[in-house]
Amino acid sequence: MTTQIKTISPFSTVEHYQKIVYELVCFSLISFFNFFFSQLVQLSKEPQNEQEVANIEGNIAILRNHVEQIIEKRIEALPSNDIGDNEFEEEWIVLAWGLLTCLSRLPNEIVDREITQSFNHLLVRLVNIARPMRIPKVCAEAKQWWNQFHELYNSSLHYLHGLYSQLDNPNCNIEIKMRAYFTRQLQPCLSAFRRACAENAPGFHSDLRKAQVTKLSNQEKMQDEDSREIKRHYTSIAYTLGLLAVRIQGFRYECQTCSQNTYATPDTLWQLLNEVFITYEHVMNDALMCNEPINSPIMVTNNLFTFTCHTLCRTLIYRSFDIQIVSEETAFAIQNEIIQCRSGSSTPREPRVFPSAALIAMKPTTGVKRNNATANQKGTGGNTAHKKSDVNSQEYVTIPPTFSENANAWQTTYPHLLCTTRQKDAVLLDSRAGTTGKRPLFYFYIRAKTWSPTGDYIYVRTLSLPFTISTRRNQDCQVQRMNSSYTATCFWMYGTCSINELLLNWNEKPLTWTQFKNLTRRYFMVNGEVTRTMEESDYALLEDKMHCEQCGDDSSELDEENEEDCISFKNILCSHLRFDTDTLQMRFSVWRGFLEILQIFQDPKAAVKVLWEHNLMHGFLDTQTVVNLLMPRHNCMVVRLTFVLSGSVCVSYRNLCGEIIHLEPLELKKLQAKSILEYISDIAETAKVDYLLTNNLDYMPVSSVISKYFPVDDVKRVRGVASNVTDKGPLNHVTHVKFTPLRVAVVACREQTPRPSPRPSESHDIIPTSSASDLFAAPELPRKFDQHQNQNNDPLLSMMLPSSSSATSSPTATTPTMMTPGPMDQSFEIQLEALMKHYGKTPQEVCEIVSFAARPNPTLVPPTTTLRSPTLAPHHNTSFEDLMEDLTNPNSDYMPSLDFSHTNHFLRV
């Protein structure tokens, strides 16, 4: 059965290619070569009718004309001195290897036609403008083989030039000399070249892999500079072999068209050229670069991701890309085969078939997808999960090639790939996972089917960066603990960075304490998306908590000269950290604590990152350090990170009474409902704390923090409402009402301290009551002042004064210490704050006054009254110092007892 081949419209094709010729875009020439190869393949298929042959030959003729026009323009521009050597070699190899691949794929029926002659003339012109071969960058292991190749290469060119000169001699048997040239010159030369490339390639691939690991660890994109060296390496290889192949092709064409010397056979001529092509296939079998994964080394099942694979040599024109997921053990076998192929021990035409460790699927780029499923191509998007019915899972998927305008080369990009269920017969767990917690690692195995200059296809192969596959059932607690081992596995793998060409070896060697701190600092900065990292003091809390009896101490595995403690992979996953309450018992690992902290930083609702970046939050401080910070300071709070509840934010403050209070930690769930800035605002308002102690030990007013980083004007402002249902009247009667908004406030749930009862000598002053409703009522005592004495409109005095209807006058005074708790009673802190604001005193001045008043003074006369306490209605001549003396005089008849035992308080919304 034959298929109808569509002909190319001469008008549209000429118009399209003329634009390309004028712009002299090189990638269009590569596109021509790709289409040209496909037409040659169609021509070589059997059976064929005359119409198909005529159509294909017409397409080839049209493409040949445009290729010749572009190459002519390119050849004229290449000798310019403005083109550097690197750019010249890149342009030259695209033209030379494209023509060589076209010539090798021409069917025998059209070999003697005009197309062969024109292409060979173009190759001769390329040889004439070629620049001398440069010595590439070689490692120490490859230097010996490169020197050997260079000597054989020069002698081979001289021998080939001698064969050229003997073509006009009809009596010379050129066949025998060609065979001698093949065995004595060409084969040893190409063998040394393959050995030099095999020794030199691992260094370039290791450097490229190191750059990829660094970029992924820092969540940065690969730049052109990161792959420039390895691309120059493959360009140099293609240029060196191209110079030799073009000369041999020219000699082959002269022998085929020479009428005087008939001794040269086509098979021997092809054997010379084919040996160079086979060497080209071997050294180019790994000229691919896969940057996946780009965003995260943890693949989530059924989540869409974008896959991209780049070429390292522009001469390679791909037909398709096969993508497969393999295990860590299989990746080692694949790399060994690539190394053998590079040295010539195996062929890249028929690589081995390797088993898949997980299934992969393609989501069609067109068609109906779920509304909430978007590919995360730009780092944004919603739910990317897909049902299994949406796609067909396979052992591997085949992706067509695409052309990159930036790189001017063929590559592949597909936006909708996803990992689905794992295979039942795959080895999913590593043998070390049971003891260390290591999760299985996977690689993308890429096989790119490529046009070969021999007329066949070869497979250019590579491996991606390692990654893990996590399940989507992340709501389960057990899975969350497993997810911590996934991230820990990738952290350890990329942190130790034991590179073996394309692979990253799992390194069981423990890290030193310094290495662990440096890696976690970088991990914290990158994944927390902050510029301020953790300090040395932040690690003091964990320094002695990294080992237990279960996870052991692997310090013996390190060198004896290293006196630092060591941290093994098992240590960071061991759940030896604890947090116990009367209702909760929690065990978690150091790594789990870091992940919880990072989740708080990554959530924008928590606003923790704002405080951290502006040094308004402390790192990991122990409780005694917090007490030492707050003890000499008054009226301030400290916000810090803590591993309590596996990872949370804790607020501590010292109130006006000098009591240090540690509020309950705020985990992610609470911070998602209410940001840390809102908590600070409410705590400062309810606890009467005015200052925040920054990480630099500076005072910053809480009001400044809130106004700068959390403007609440729009939240607290009174909103005007126009409605026709708030008042009586007709339907069109609209009234305007102002509503004051409400917000959820946070207060500390402090345990109530029982107040002392009055002394027996004072009991005659209390009026007994028998009513149950009056048990907590304030006693009606004679008062020393009346309503006219609050002439300064003191708010505190207004609250303490009786109402006008029940006001009485009496020469006897009452005190707040004698009053039993009642609904209108005010605490000592509120009264003291009101007095400080009334007299304009600072906390430091109050402390100095209290300290001075508490000193024993022999000149003081003991009070003669049986009941003495400070009055809340000071006389105009009474000073603030005298008033504080009454509050702190040890000879007073009654002193309130303050309870400092309750220092930990919970927050209540």
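The values are calculated or read from the model by the stated rules, or taken from the named source; none is laboratory data. Please read these numbers as outputs of a predicted model, since none were measured by experiment. Positions of Cβ are generated from backbone atoms using ideal geometry, with glycine treated the same way; all protein chains shown enter the neighbour counts.
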Taking strands (runs of 3 or more DSSP E) that do not extend beyond segment 639-706, which have at least 3 residues that are under 22 Å from Gln599 (Cα atoms)?
-> 648-654
Can you pull out the residues in segment 602-615 that are surrounded by 18 or more Cβ atoms within 10 Å (Cβ to Cβ) and in a helix (DSSP H, G or I)?
-> Val608, Lys609, Val610, Leu611, Trp612
Among the residues of segment 650-679, how many are within 18 Å of Ala607 (Cα to Cα) and touching a Ser or Thr at 6+ places or on another chain (Cβ under 7 Å)?
-> 4
Only residues in segment 60-80 that are surrounded by fewer than 20 Cβ atoms within 10 Å (Cβ to Cβ) count as the first member; pair them with residues that are of a type in the set (Lys, Arg), Cβ under 6 angstrom, at least 6 apart or cross-chain, and list the lot.
-> Ile75/Arg125
Within segment 346-358, can one find any residue that is of a type outside the set (Asp, Glu), over 21 Å from Ile399 (Cβ atoms), in contact with a Ser or Thr (Cβ under 9 Å, 6 or more places away or on another chain) and surrounded by 16 or more Cβ atoms within 10 Å (Cβ to Cβ)?
-> no
Taking the options Phe739, Phe710, name whichever one is surrounded by 13 or more Cβ atoms within 10 Å (Cβ to Cβ) and at pLDDT below 90.
-> Phe710
Residue that is surrounded by the most Cβ atoms within 10 Å (Cβ to Cβ) [pool: residues in segment 572-601 that are β-branched (Val, Ile, Thr) and over 18 Å from Cys490 (Cβ atoms)] = Ile600
Residue match in segment 265-279 (condition: in contact with an Asp or Glu (Cβ under 9 Å, 6 or more places away or on another chain), outside the structural domain of Asp456 (by TED's automatic domain parsing) and either over 30 Å from Ser393 (Cβ atoms) or not aromatic (Phe, Trp, Tyr) (or both)) | yes
Failed item, numbered, when Lys378 is tested on (1) within 24 Å of Gln212 (Cα to Cα); (2) at pLDDT 85 or above; (3) assigned to a loop (DSSP other than H, G, I, E, B); (4) among the basic types (Lys, Arg) | (2)
Collect the residues in segment 562-601 that are part of a helix (DSSP H, G or I) and polar (S, T, N, Q), keeping them in residue-number order.
-> Asn571, Gln599
Extreme residue, surrounded by the fewest Cβ atoms within 10 Å (Cβ to Cβ), among residues of segment 315-343 that are at pLDDT 90 or above and in a strand (DSSP E or B) | Ser320
Among the residues of segment 118-142, which ones are part of a helix (DSSP H, G or I), within 50 Å of the chain's Cα centre (by Cα) and surrounded by fewer than 14 Cβ atoms within 10 Å (Cβ to Cβ)?
-> Ile129, Ala140
Within the set of pairs 6+ apart or on separate chains, which have a first residue in segment 505-533 that is among the small types (Gly, Ala, Ser), a second that is crowded, with 17+ Cβ neighbours inside 10 Å, and C-beta atoms under 6 Å apart?
-> Gly528/Leu598; Gly528/Phe601
Asn285 vs (1) surrounded by fewer than 22 Cβ atoms within 10 Å (Cβ to Cβ); (2) among the polar types (S, T, N, Q); (3) in contact (Cβ under 8 Å) with a residue 60 or more places away in the chain: all pass except (1)
Which of the following residues is more than 22 Å from Phe828 (Cα to Cα), assigned by TED's automatic domain parsing to the domain that holds Val608 and of a type in the set (Lys, Arg): Lys728, Lys670, Lys688?
-> Lys670
Close pairs (6 angstrom Cβ cut-off, 6 or more residues apart or separate chains): touching a residue at least 12 places away in the same chain (Cβ under 8 Å) in segment 173-191, among the hydrophobic types (A, V, I, L, M, F, W, C) and not in a helix (DSSP H, G or I) anywhere | Ile174/Ala264; Glu175/Ala264
Search segment 176-218 for residues being hydroxyl-bearing (Ser, Thr, Tyr) and touching an Asp or Glu at 6+ places or on another chain (Cβ under 9 Å), and hand back the single one that is surrounded by the most Cβ atoms within 10 Å (Cβ to Cβ).
-> Ser206
If we scan segment 361-371, do we find a residue that is within 25 Å of Ser452 (Cβ to Cβ), at pLDDT 85 or above and touching a strand residue (DSSP E or B) at 6+ places or on another chain (Cβ under 7 Å)?
-> no
